Amino acid sequence: MKKARTTYSVAFKYDAANLVLNKGYTIQEECNAVGVGYTAMSRWVAQLKQEHGGITLTKK
């Protein structure tokens, strides 16, 4: 039986990625703290870095 896909709010993603970028947590530490996979967290951090650089990403 397949596991249901978990969806996270934009605020949750922002807060989690923000801890990595601004508070010195590693991606792995943050993954362990919030229970999210490494790939997803890496993607959120990359997106937040781009947004800080002035590029706003849109959902397709």
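The values are calculated or read from the model by the stated rules, or taken from the named source; none is laboratory data. All of these numbers come straight from a predicted model, not from anything done at the bench. Note that each Cβ is placed from the backbone with ideal geometry, even for glycine, and that neighbours are counted across all protein chains shown. Note: areas computed on protein heavy atoms with side chains; ligands, DNA, RNA excluded. Shrake-Rupley method; radii C 1.70, N 1.55, O 1.52, S 1.80 Å.
Quickly run through segment 29-43 and pick out the residues that are closer than 19 Å to residue 6 by Cα and open to solvent by 90 Å² or more (accessible area, probe 1.4 Å). Passing the criteria: 32, 38, 39, 43. Considering segment 44-59, and only residues there that are assigned to a helix (DSSP H, G or I) and open to solvent by 60 Å² or more (accessible area, probe 1.4 Å), the residue that is modelled with the lowest pLDDT turns out to be 52.
Among residues of segment 45-60 that are under 22 Å from residue 23 (Cα atoms) and among the charged types (D, E, K, R), those with a Cβ under 7 angstrom from a residue that is modelled with pLDDT of 70 or more and open to solvent by less than 60 Å² (accessible area, probe 1.4 Å), sequence gap 6+ or separate chain, pair up as 49/21. May I ask you to verify whether residue 19 is in contact (Cβ under 8 Å) with a residue 24 or more places away in the chain, among the aliphatic types (A, V, I, L, M) and either assigned to a helix (DSSP H, G or I) or loosely packed, with under 15 Cβ neighbours inside 10 Å (or both)? So residue 19 does not fit the description; no.
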